[in-house]
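Read the structure below first, then the notes.
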Amino acid sequence: MGAAVLGQPAAAPLRITSMEALEAAARAVLPPATYDWIAGAAGAGLTQRRNRTALDAATITPRMLTGVGPPDLSLTLLGQALAHPVLVAPMGLQGLAHPEGEVASARGAAAAGALFCAPMVASRSLEEVATAGGPRWFQLYLPRDRGMALDLATRAAAAGYTALVPTLDAPIAAFRERDLAHGFTPPPALARGNDRPSYAHPLLGGTDAGLSWADLAWFMARAPLPVVPKGVLAAADARRAMEAGAAALIVSSHGGRQFDGAPAAFEALPRCVAAVAGRVPVLMDSGPRRGLDVMKALAAGATAVAIGRPMWWGLALGGAEGVQAVLGRIVEELGVAMRLAGCGSLGDVTAELLN
Ligand code: FNR
């Protein structure tokens, strides 16, 4: 992969052998506290490991001689045409891995045709991120100050975002032991991309730790865009979110960074899919590293799949081009996996393939 330097454009396009090798290369250029913040998880890392082991344990039995050509990966999600079902999960403080932060990631995602979910606690403003031009959603931790929540929602709509993603699973931060070892806390200066002098308090630290379903329903009723709650694991919560007005949901264990001991997102997915019974799309994140993992999630009922940590490795090693390379590789792997399994389109990737 060559001698990469953090924040410098890669001299040559990233040559990705595996996401594990890419992570090792990124680890070599990132400050140890930053690497551990990205790679780390809550508590003993049980849910983070389970996110992987559950996907690894699932198998797909490929079908032979189906005669399918290069698969059609396109889909329509909340009325928006997308080239493929691989999204970028919202992740804060991307300025820690690249001087251009979320702007570089969003450019890489746009080049890869991937929907980019911009984070609220961001190094760059949602308006700057929008200049990347690709399909985009905006994630937020609903602030205690509801005026700020609605202001952020209005700004996102004005900047061409097409959905709002309130995160439900992080009312407070979990114990992250690797961060404790480094004494790592998010550098406030890097978290201010979306703050405004008129806001009652900084976005980082202003989250409503007492958020209720009634508060979420209040927000959904006033939001200028479809709302896609993120961090649902229980079937009852999936039903509740849908009844409160969710346009879609994201089944997620926050990459194992919040409630350690939760099931893998891949384990929770089928129950949530069953609970909403096709009335809204169900997305998943937490664990996928390869196109095959994406295919397994699609087979288990996900409409699309968001990628988390691998994006950082591409960003740290190659900026926008690195993010594009990571997403492009996962999408290409998905196409190869589908073709080898005899699936010509996303509609062919059904639960029947899963054992
Ligand atoms: C996150 N995630 C996250 N989620 C969110 O809703 N708002 C945020 O600001 C962040 N920030 C964040 C930072 C870092 C460094 C990571 C790794 C993750 C969680 C993210 O959206 C997603 O749920 C997980 O990363 C998915 O799991 P994988 O793909 O990393 O296993």
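The values are calculated or read from the model by the stated rules, or taken from the named source; none is laboratory data. Keep in mind that what you see is a predicted model, and the values were worked out from it rather than measured. Here the Cβ positions follow ideal geometry from the backbone for every residue, glycine too, while neighbour counts run over all protein chains shown.
Give the residues of the stretch 158-185 that are of a type outside the set (Ser, Thr, Tyr) and within 20 Å of Asp215 (Cβ to Cβ), sorted by residue number.
Within the stretch 158-185, the first condition is being of a type outside the set (Ser, Thr, Tyr), and the residues that meet it are 158-160, 163-166, 168-184.
Selection gives Ala163, Leu164, Val165, Pro166, Leu168, Asp169, Ala170, Pro171, Ile172, Ala173.
Would you mind stating whether Ala341 is surrounded by fewer than 22 Cβ atoms within 10 Å (Cβ to Cβ) and among the hydrophobic types (A, V, I, L, M, F, W, C)?
Yes: the conditions hold for Ala341.
Of all residues in the stretch 239-251, count the ones that are within 16 Å of the ligand (Cβ to nearest atom) and not in a strand (DSSP E or B).
Qualifying residue count, the stretch 239-251: 3.
Take the residues in the stretch 112-128 that are more than 14 Å from the chain's Cα centre (by Cα) and over 22 Å from Ala223 (Cα atoms); name whichever of them is farthest from the ligand (Cβ to nearest atom).
Gly113
Run Thr131 past the list (1) more than 14 Å from the ligand (Cβ to nearest atom); (2) loosely packed, with under 15 Cβ neighbours inside 10 Å; (3) at pLDDT below 95 and report the number of the one that doesn't hold.
So Thr131 meets the others, but not (3).
Being surrounded by 11 or more Cβ atoms within 10 Å (Cβ to Cβ) and modelled with pLDDT of 95 or more is the filter; apply it to the stretch 181-198 and report the residue that is nearest to Ser123 (Cα to Cα).
Step by step, filter the stretch 181-198, then rank; the result is Gly193.
Do you know which residues across the stretch 88-102 are touching a helix residue (DSSP H, G or I) at 6+ places or on another chain (Cβ under 8 Å) and more than 10 Å from the ligand (Cβ to nearest atom)?
Gly95, His98, Glu100, Gly101, Glu102
Select from the stretch 302-315 the residues that are outside any loop (DSSP other than H, G, I, E, B) and either away from the ligand (no atom under 11 Å from the Cβ) or in contact with a strand residue (DSSP E or B) (Cβ under 8 Å, 6 or more places away or on another chain) (or both) and list them in ascending order.
Within the stretch 302-315, Ala304, Val305, Ala306, Ile307, Met311, Gly314 meet the criteria.
Go through the stretch 133-161 residue by residue and tally those that are in contact (Cβ under 8 Å) with a residue 60 or more places away in the chain, under 20 Å from Ala191 (Cα atoms) and of a type in the set (Gly, Ala, Ser).
Residues meeting the conditions: 3.
Can you pull out every residue in the stretch 11-50 that is within 14 Å of the ligand (Cβ to nearest atom) and under 18 Å from Glu333 (Cβ atoms)?
Matches in the stretch 11-50: Met19, Glu20, Leu22, Glu23.
Please enumerate the residues belonging to the stretch 78-89 that are touching a Leu at 6+ places or on another chain (Cβ under 9 Å) and buried (at least 22 other Cβ atoms within 10 Å of the Cβ).
Across the stretch 78-89, the qualifying residues are His84, Pro85, Val86, Leu87, Val88.
Identify, by number, the condition in (1) away from the ligand (no atom under 16 Å from the Cβ); (2) touching a residue at least 40 places away in the same chain (Cβ under 8 Å); (3) buried (at least 19 other Cβ atoms within 10 Å of the Cβ); (4) among the aliphatic types (A, V, I, L, M) that Ala109 doesn't meet.
(1)
Kindly provide the set of residues from the stretch 252-301 that are without any contact (Cβ under 8 Å) to a residue 60 or more places away in the chain and either near the ligand (Cβ under 10 Å from one of its atoms) or assigned to a loop (DSSP other than H, G, I, E, B) (or both), ordered by number.
Residues satisfying the conditions are Ala277, Gly278, Arg279, Val280, Met284, Gly301.
Mind listing just one residue for me: the one in the stretch 51-77 that is within 24 Å of Pro229 (Cα to Cα) and more than 16 Å from the ligand (Cβ to nearest atom) and, of those, surrounded by the fewest Cβ atoms within 10 Å (Cβ to Cβ)?
Step one: filter the stretch 51-77 for residues within 24 Å of Pro229 (Cα to Cα), giving 51-52, 54-55, 74-77.
Those still in the list that are more than 16 Å from the ligand (Cβ to nearest atom) too: 74-77.
Numbers: Ser74: 13, Leu75: 18, Thr76: 10, Leu77: 21.
So, considering only residues that are within 24 Å of Pro229 (Cα to Cα) and more than 16 Å from the ligand (Cβ to nearest atom), the one surrounded by the fewest Cβ atoms within 10 Å (Cβ to Cβ) is Thr76.
Determine which member of the set Phe266, Phe259 is of a type in the set (Phe, Trp, Tyr) and surrounded by fewer than 19 Cβ atoms within 10 Å (Cβ to Cβ).
Phe259
For the stretch 284-299, give me the residue count where each residue is touching a Pro at 6+ places or on another chain (Cβ under 9 Å) and surrounded by 24 or more Cβ atoms within 10 Å (Cβ to Cβ).
5
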